[in-house]
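The values are calculated or read from the model by the stated rules, or taken from the named source; none is laboratory data. None of the values given here were measured: they were computed from a predicted structure. Note: ideal-geometry Cβ built from the backbone for every residue, glycine included; neighbour counts use all protein chains shown.
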């Protein structure tokens, strides 16, 4: 308990220190403002059609609890939470929130924006929120963006229980060491994808477990419309095809035991593309990694090069199968290219792109995508 109190105290001191370092603030100016560090936006449960008294948004936000510092860490809670339900616009929502307190709300230090699932599924509200974020100078382009499995309110109001929420601190402080590489996506990237890809993007998911918050998979959008979720494993292999994740972990059942393949390097590229009634593309993925441990059965006394080569082949087929499953979901079910194929075709195969760009969405759905995976196992770890 003492460790938790000390951690909370240091976090609050850190937040205040960061505020002081970003400008010529004095104590009075800090006390006179609410510095928002995390913002949650949900679709209101009381939504109505009435233009006079309609409720469309429910916002929740967190600010540093300065009293934790002032009382020398006496309180366990380093964050304060506020929730309001308002009318038609986010601007009106925030103004109504400010009316409850004398202090103006400051968004210049927001680290994370969380959107509720129901809001994300409402195309009109989703577009309005992103447009507001885009047009509000206080929101920096490096602010992380996530979608809650249920509501943003549930995520931001998650309380400490038997141990600190490590991921809870991550969303308030933008400590990305707690977030998988493939799920570190900021507002700037999302807005850029939406503008350049006709409303297509991917946004990570955050959910509340029994004792913690977890980052798991994410949501796929086409034409600003929510299409569905990809799970954790699907997002991992998707990031490999994009070349965004330089590491990772892939367990495989091999010769009666689970073998953990730990990836240290990944590269991905389109190596060929042709179009004749159908788009035919070949994607090549190369990885290097280690086997961290392996338990030998009674019939084997050591690991030889033949065993390693056969394991590489098994891994290649297993990873290829998972990538194929994700591609099938994107092509046949969600009908959306979030694998970066369009960008590579524009850059590397301009003649092919010129032929297909007018009807690319339909052509992508029917494209024949060949996947080639090459694996190199560099080291074998502990053998039992």
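Of note:
- Checking each residue of the stretch 216-227 against the condition of being over 26 Å from residue 321 (Cα atoms) and assigned to a loop (DSSP other than H, G, I, E, B) gives at least one match.
- Among the candidates 57, 81, the residue that is assigned by TED's automatic domain parsing to the domain that holds residue 123, touching a strand residue (DSSP E or B) at 6+ places or on another chain (Cβ under 7 Å), within 28 Å of residue 187 (Cβ to Cβ) and modelled with pLDDT under 80 is uniquely 81.
- Screening the stretch 230-335 for strands (runs of 3 or more DSSP E) wholly inside it with 1 or more residues that are within 30 Å of the chain's Cα centre (by Cα) and at pLDDT 90 or above returns the ranges 257-276, 278-294.
- Taking the criterion of being assigned to a helix (DSSP H, G or I) and either surrounded by 13 or more Cβ atoms within 10 Å (Cβ to Cβ) or without any contact (Cβ under 8 Å) to a residue 40 or more places away in the chain (or both), the residues of the stretch 358-373 that qualify are 358, 359, 360, 361, 362, 363, 364, 365.
- Selection of the stretch 261-280 for residues being closer than 18 Å to residue 323 by Cα and surrounded by 15 or more Cβ atoms within 10 Å (Cβ to Cβ) yields 261, 262, 263, 266, 268, 270, 280.
Residue by residue, here is whether (1) touching a helix residue (DSSP H, G or I) at 6+ places or on another chain (Cβ under 8 Å); (2) in the same structural domain as residue 201 (by TED's automatic domain parsing); (3) assigned to a loop (DSSP other than H, G, I, E, B) holds:
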position	(1), (2), (3)
338	yes, no, yes
343	no, no, no
353	yes, no, no
356	yes, no, no
375	yes, no, no
379	no, no, no
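- Cβ-Cβ distances below 6 Å connect the following pairs, each with a first residue in the stretch 124-135 that is over 12 Å from residue 187 (Cα atoms) and assigned by TED's automatic domain parsing to the domain that holds residue 224, a second residue that is modelled with pLDDT of 95 or more and part of a helix (DSSP H, G or I), and a separation of six or more residues or different chains: 125/119; 126/120.
- Breaking point among (1) modelled with pLDDT under 90; (2) touching a helix residue (DSSP H, G or I) at 6+ places or on another chain (Cβ under 7 Å), for residue 114: (1)
A quick yes/no check of all residues on (1) buried (at least 21 other Cβ atoms within 10 Å of the Cβ); (2) under 28 Å from residue 151 (Cα atoms); (3) not assigned by TED's automatic domain parsing to the domain that holds residue 338:
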{"site": "212", "(1), (2), (3)": "no, yes, yes"}
{"site": "219", "(1), (2), (3)": "yes, yes, yes"}
{"site": "224", "(1), (2), (3)": "no, yes, yes"}
{"site": "240", "(1), (2), (3)": "yes, no, no"}
{"site": "243", "(1), (2), (3)": "no, no, no"}
{"site": "251", "(1), (2), (3)": "no, no, no"}
{"site": "254", "(1), (2), (3)": "no, no, no"}
{"site": "257", "(1), (2), (3)": "no, no, no"}
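- Put simply, of 50, 67 the only residue that is assigned by TED's automatic domain parsing to the domain that holds residue 187 and either assigned to a helix (DSSP H, G or I) or modelled with pLDDT of 80 or more (or both) is 67.
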